1. Pop the C-beta distance of Glu283 and Gln333 into the FRET formula with R0 = 35 Å and round what comes out to the nearest 0.05.
2. In which sequence would Leu158, Leu68 go, from the one with the fewest C-beta neighbours within 10 Å to the one with the most?
3. Can you list the residues, at least 5 places off or on another chain, whose amide H is less than 5 Å from the amide H of Ser109, using H built in the peptide plane?
4. Can you give me the Cα centroid spacing of the stretch 145-207 and the stretch 35-73 in angstrom?
5. May I ask which residue of Gln153, Ala181, Val171 lies farthest towards the positive end of the charge dipole of the stretch 136-198, with charges of +1 (Lys, Arg) and -1 (Asp, Glu) on Cβ and the Cα centre as origin?
6. Fewest first, what order do Lys328, Lys161, Lys40, Lys173 take by the number of other Cβ atoms within 10 Å?
7. For a 21 Å ceiling on Cα separation, which of these pairs sit above it: Lys93/Lys173; Lys123/Lys257; Lys40/Lys306; Lys123/Lys227; Lys6/Lys328?
8. With θ set to phi - 60°, apply the Karplus curve 6.51 cos²θ - 1.76 cosθ + 1.60 along the stretch 19-26 and write out the HN-Hα couplings as whole Hz, x wherever there is a Gly or Pro.
Amino acid sequence: MDSRLKVALLAGGNSSEREIALGSAQQIAAALDSAKYDVKVVDLHGRKMTYTAPDGSQWEVDKNDFSLTVAGCRTEFEYALIIIHGTPGEDGKLQGYLDMMGIPYSSCSQVSSTITFDKISTKRAVAGCGINLAREIMVSRGDSVDAQDVVNQLGLPLFVKPNASGSSFGVTKVTAVEQIAAAVEAAAAESEQVLIEQCIVGREMGCGVVVTADREILLPITEIVSKRDFFDYEAKYTEGLSDEITPAPISDDIRQKLNRMTLEAYRACRCSGIVRIDFIVTEAGEPYLIEINSIPGMSSGSIVPKQVREAGMTLGELYDIVIEDSLKKFKRQ
């Protein structure tokens, strides 16, 4: 009898980050210990969850009981490892389904995912925790925006971002008042709400973190040096357009500030699993929170896997810790 944990590695998704998530899933599947886990990569696309067998045949997951039948052999999944960036994995929708089905999973809860996917909700959640935040104006799709008033309040340059999206899709760095209308329109194509935010000038830092019931794992910090105007989608996923320096060449004082704020933000937003929290550090050495990535990229070129290697761990070892902790939490519920 096969006693391995039956794991559905849920990948893909319905956002612009779909292909990135599929690439991350292959790296994780290869990293997991096959003696402990029976892993099947399941591609969630639209309303379907599809498994592709080694022979190329495709089989659909039965969403009524979260099971998979391949050529008459039925697997009842016992665990979901979520690697879906954007919707429905990073915004909490998938977690809601898994909660109803009674399936433990690797990521933040539905509530935490909803908060961290929504940039303004993240800022409200961490307010009062001693975390520096850029000033912002929130507008909704279709709202009239007084561009000059925006500049009067926030200055130039500034950033216009979708409030709920990932991988910098729809993000524009605005350097002139006449660019604001087009930037808002581009952001509104990705999200119902648009965040217009003060530009904090400094060095970008990515901080990987896992907090379990009995330990805090603060991974080595990465400095992200974009060769474009900012760390946009092209810089993130095109080789040669950014340098990611791990560990970041920063002072112990800045490292301690980043570690403290990373843990404060993780706890304030009730995160769980592997999370990456990004900051801008000003010339004066003050970190400002940019965003929380509740399901960070795990492809070979992604930041967190590099941090894991620098910490002297394997990705498989880190997921062992996450899976064990989430199973214990599930049993206590």
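What follows draws every value from the coordinates through simple rules; no lab data is involved. Small disclaimer: the values here were computed from a predicted structure and weren't measured. Neighbour counts run over all protein chains shown; Cβ positions are idealised from the backbone, glycine included.
1. Computed FRET efficiency for Glu283 and Gln333 comes out at 0.15.
2. Fewest-to-most ranking of Leu158, Leu68: Leu68, Leu158.
3. It is Ser272, by chain and number.
4. 40
5. Result: Val171.
6. Lys328, Lys173, Lys40, Lys161
7. The answer is Lys93/Lys173; Lys40/Lys306; Lys123/Lys227.
8. 5, 5, 5, 5, x, 4, 4, 5
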